[in-house]
Amino acid sequence: MYLPAHFEESRVEVLHQLIRDYGLGTLVTLSAGGLEANHIPFEIDPEPAPFGTLRAHVARNNPVWREFSSDVDALAVFQGAQAYISPNWYQTKQENGQVVPTYNYMVVHAGGAMKIIEDPVWLLALVGRLTNRYEASQAAPWKVSDAPDQYIEKMLSAIVGIEIPIKKLVGKWKVSQNRPAVDRARVVSGLQEQGGENAIAMATAVQSPKS
């Protein structure tokens, strides 16, 4: 990933939080047929330091767990807030017209050797944690134990676990840090006026760029 220094985000806790907030990752692996990309929800465990561990599961029928190259690290990509930035928002446009459109975004790349886990106890614990996480906002959260044991056993037999101890963790926060303060303020106003979850999240990021 091209990473100018002013867009680099290296704080591990910040990178982990984006993974928690935007848990659907793109898992990129290499197989004999070339690069493969799968989109699956991950959990992030901060241990072991410094970068932690990613865990997820895929359908047993998904060939990725059989066909990935163990000689090449897997890559998980997590996309955070993103927003188009119009040059009309810049004060600089009024001053000299020397502006162009751009696109702001926050992204995390996590790489490491992928491990395959078929232990049903491990899988049940993972599924339970993921379920509890995503059900937390429901009025009456569904629990794995709400389903019959025999059914859960059958479902667990149809999935395979993935674990990636992270060796490389990279973050890119492209949130208008390269613009003058007056332009950043106008970007925030433009995004807030535009509205929507992504625009508001990006406005917040532009107001509070990485330290």
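Where a number appears in this text, it was derived from the coordinates with a stated rule and is not lab data. Quantities reported herein were computed from a predicted structural model and do not represent experimental measurements. Cβ: placed from backbone, ideal geometry, glycine included. Neighbour counts: every protein chain shown.
Applying the selection to region 133-151, what residues are in a loop (DSSP other than H, G, I, E, B), surrounded by 10 or more Cβ atoms within 10 Å (Cβ to Cβ) and either at positive phi or not basic (Lys, Arg) (or both)? Before the answer, list the steps.
Let us first name the residues in region 133-151 that are in a loop (DSSP other than H, G, I, E, B), namely 136-143, 147-148.
The next check asks that each one be surrounded by 10 or more Cβ atoms within 10 Å (Cβ to Cβ); those that pass are 141-143, 147.
Pro141, Trp142, Ala147 - these are the residues of region 133-151 that are in a loop (DSSP other than H, G, I, E, B), surrounded by 10 or more Cβ atoms within 10 Å (Cβ to Cβ) and either at positive phi or not basic (Lys, Arg) (or both).
Yes/no matrix, rows are residues, columns are (1) part of a strand (DSSP E or B); (2) farther than 16 Å from Val58 by Cα:
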site: Asn104; (1), (2): yes, yes
site: Thr131; (1), (2): no, no
site: Lys154; (1), (2): no, no
site: Ile164; (1), (2): yes, no
site: Gly190; (1), (2): no, yes
Exercise for review: Quick one: Thr92 ticks every box in (1) surrounded by fewer than 17 Cβ atoms within 10 Å (Cβ to Cβ); (2) in contact (Cβ under 8 Å) with a residue 60 or more places away in the chain; (3) among the hydroxyl-bearing types (Ser, Thr, Tyr); (4) part of a strand (DSSP E or B) except a single one, so which number is it?
Suggested key: (4)
Check your understanding: Would you say Arg66 is of a type in the set (Lys, Arg) and surrounded by 11 or more Cβ atoms within 10 Å (Cβ to Cβ)?
Key -> no
Exercise for review: Quick one: in region 52-84, of everything that is touching a Gly at 6+ places or on another chain (Cβ under 8 Å) and either assigned to a loop (DSSP other than H, G, I, E, B) or of a type in the set (Val, Ile, Thr) (or both), which residue is farthest from Met155 (Cα to Cα)?
Suggested key: Asp73
Review point. So is Val107 in contact (Cβ under 8 Å) with a residue 60 or more places away in the chain, under 18 Å from Ser176 (Cα atoms) and either in contact with a strand residue (DSSP E or B) (Cβ under 8 Å, 6 or more places away or on another chain) or surrounded by fewer than 18 Cβ atoms within 10 Å (Cβ to Cβ) (or both) or not?
Key: yes
